[in-house]
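A.B. asks: If you scroll down you'll find the structure; I have some questions about it.
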Amino acid sequence: GYVSFRNSVGLLQLKQVFRSQLSVSSVSDQDACRAGLQPVSRWKAYGLNGYPGFIFIQNPFLPGCQRHWVKQCLKLYTQKPNVCNLDLHMAPEKTADLWGQSKEKLRRKGSSKCEPRSLLEKLRWVTLGYHYNWDTKKYSANHHTPFPSDLAFLSEQVAAACGFRGFQAQAGILNYYHFDSSLGIHVDESELDHSRPLLSFSFGQSSIFLLGGLKREEAPTAMFMHSGDIMVMSGFSRLLYHAVPRVLPNPEGTALPSCLDQALSTDLPVGSVIEHSSDEDWQVCAKYLQSSRINMTIRQVLAEGQKFPEESGTNTESQISSEDSHHQENSRAKRHKPNMDS
């Protein structure tokens, strides 16, 4: 059976799920609100027996705030200098404005299967900050672009609430799933510092998440992830195998989960990283999410003061080889569909 954190009372009798203690004093209500989150004292966070360091936070977002992150993932974070799977087999000018090239097609989209897909619908992943190299499975000092400040702020608050003060969001992998997508079993170990947590944010349609063991063969625990849910993998659970075998229509039976129908409050706090989305922008996002799920995983790559090991060759050489491998990386990503994301 699946672990459902929404009816955790029934599961508590199985001694599987327990309420997780959060560090309420580490995040002021004002900072939580600036990140679009409820006060930490109201979050419903759960742990799972046998998985120390795994924390599941049931949608802690304030009404309307999930929309901001969806729009950023589709409209802003897809822009250069961030890297996406489409860069690897398309000319740079073709991928410069995925949103602009796709929004009309998406808005008019019917239910017919034979309509050609827009570029946004062909998007599989975007990398932020230190860009993950899918071929070498490494990050490098010379393949780095500025990490989005709003997403860094959100990540810092969530990490602090889970007991990790001073977390630095240095790399992000955004995955874009559709009903026929899956993510093969893997472990996230490329970061040089494993003492910091991995944060995973989920928006849109639901999915099944499998949390396995330290070895690939160990039988996993299955659970549902719904829109707004956050998972934190830290400590023992930081290096566990995991997978996303299925994306499922949201269990409410509506085109979009009700938490995405809520409007944003008109008065945002001073210093809020959340922006109001125009109705026009949200229509495009909503149409996209009717058959899709977006996942943001945020990592700290280096410990405080840590540096990347010296790469062989001069900087220019390693820069060139890094760019080349980024070009191969996508043809490979296409061959191994389930492993198209890290």
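The values are calculated or read from the model by the stated rules, or taken from the named source; none is laboratory data. Model, not experiment: these values are computed from the prediction. Every residue, glycine among them, receives a Cβ derived from its backbone with ideal geometry; neighbour counts consider all protein chains shown. The protein model used for the area step is the full one, side chains on, heavy atoms only, and it has no ligands, DNA or RNA in it. Shrake-Rupley method; radii C 1.70, N 1.55, O 1.52, S 1.80 Å.
A.B. asks: Go through the stretch 289-311 and count every residue that is outside any loop (DSSP other than H, G, I, E, B) and buried (at least 22 other Cβ atoms within 10 Å of the Cβ).
C.D. replies: Counting residues in the stretch 289-311 that are outside any loop (DSSP other than H, G, I, E, B) and buried (at least 22 other Cβ atoms within 10 Å of the Cβ) gives 8.
A.B. asks: Quick check on SER20: is it over 30 Å from LEU268 (Cα atoms), open to solvent by less than 50 Å² (accessible area, probe 1.4 Å) and either modelled with pLDDT of 95 or more or among the polar types (S, T, N, Q) (or both)?
C.D. replies: So SER20 does not fit the description; no.
A.B. asks: Checking the condition in a helix (DSSP H, G or I) and farther than 30 Å from SER25 by Cα, which residue from SER140, SER102 passes?
C.D. replies: Result of the check over SER140, SER102: SER102.
A.B. asks: Restricting to the stretch 36-49, and then to whatever is farther than 16 Å from VAL232 by Cβ and open to solvent by less than 60 Å² (accessible area, probe 1.4 Å), can you tell me which residue is nearest to the chain's Cα centre (by Cα)? Walk me through it before giving the result.
C.D. replies: The first filter runs over the stretch 36-49 and keeps only residues farther than 16 Å from VAL232 by Cβ, leaving 36, 38-39, 41-42, 49.
When the remaining residues are screened for being open to solvent by less than 60 Å² (accessible area, probe 1.4 Å), the result is 36, 38-39.
Details: GLY36: 16, GLN38: 19, PRO39: 22 Å.
For the stretch 36-49, the residue satisfying everything is GLY36.
A.B. asks: Ok, one more. Need the failing condition index for LEU98 against (1) open to solvent by 30 Å² or more (accessible area, probe 1.4 Å); (2) in contact (Cβ under 8 Å) with a residue 12 or more places away in the chain; (3) under 23 Å from TYR177 (Cα atoms), just the number.
C.D. replies: Tallying (1) open to solvent by 30 Å² or more (accessible area, probe 1.4 Å); (2) in contact (Cβ under 8 Å) with a residue 12 or more places away in the chain; (3) under 23 Å from TYR177 (Cα atoms), LEU98 fails exactly one: (1).
A.B. asks: On the given criteria, is VAL187 of a type in the set (A, V, I, L, M), on the phi < 0 side of the Ramachandran plot and open to solvent by 20 Å² or more (accessible area, probe 1.4 Å)?
C.D. replies: Yes.
A.B. asks: Suppose we filter the stretch 244-269 for residues that are without any contact (Cβ under 8 Å) to a residue 60 or more places away in the chain, more than 24 Å from HIS178 (Cβ to Cβ) and not acidic (Asp, Glu); how many remain?
C.D. replies: Number satisfying all stated conditions: 2.
For (1) more than 20 Å from LYS44 (Cβ to Cβ); (2) at pLDDT 90 or above, each residue gets a yes or a no:
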residue	(1), (2)
TYR176	yes, yes
GLY184	yes, no
ASP193	yes, no
LEU199	no, yes
PHE209	no, yes
GLY212	yes, no
PRO220	yes, no
MET225	no, yes
ASP229	no, yes
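A.B. asks: Counting just the residues of the stretch 229-244 that are surrounded by fewer than 22 Cβ atoms within 10 Å (Cβ to Cβ) and of a type in the set (Gly, Ala, Ser), which one comes out farthest from ALA161 (Cα to Cα)?
C.D. replies: ALA243
A.B. asks: Confirm whether TYR139 is touching a Phe, Trp or Tyr at 6+ places or on another chain (Cβ under 6 Å), open to solvent by 20 Å² or more (accessible area, probe 1.4 Å) and not β-branched (Val, Ile, Thr).
C.D. replies: no
Condition check ((1) within 27 Å of GLY129 (Cβ to Cβ); (2) open to solvent by less than 30 Å² (accessible area, probe 1.4 Å); (3) of a type in the set (Val, Ile, Thr)) across all residues:
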{"residue": "LEU174", "(1), (2), (3)": "yes, yes, no"}
{"residue": "SER195", "(1), (2), (3)": "yes, no, no"}
{"residue": "SER202", "(1), (2), (3)": "yes, yes, no"}
{"residue": "GLY213", "(1), (2), (3)": "no, yes, no"}
{"residue": "GLU218", "(1), (2), (3)": "no, no, no"}
{"residue": "MET225", "(1), (2), (3)": "yes, yes, no"}
{"residue": "ARG246", "(1), (2), (3)": "no, no, no"}
{"residue": "CYS259", "(1), (2), (3)": "no, yes, no"}
{"residue": "GLY271", "(1), (2), (3)": "yes, no, no"}
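A.B. asks: Collect the residues in the stretch 155-200 that are of a type in the set (Ser, Thr, Tyr) and either within 14 Å of MET296 (Cβ to Cβ) or not in a loop (DSSP other than H, G, I, E, B) (or both), keeping them in residue-number order.
C.D. replies: Scanning the stretch 155-200 gives SER155, TYR176, TYR177, SER200.
A.B. asks: Sticking with this one: Just name the residue that is surrounded by the most Cβ atoms within 10 Å (Cβ to Cβ) out of those in the stretch 144-154 that are in a helix (DSSP H, G or I) and under 15 Å from the mean Cα position of the chain (by Cα).
C.D. replies: Per the stated criteria, the residue is LEU154.
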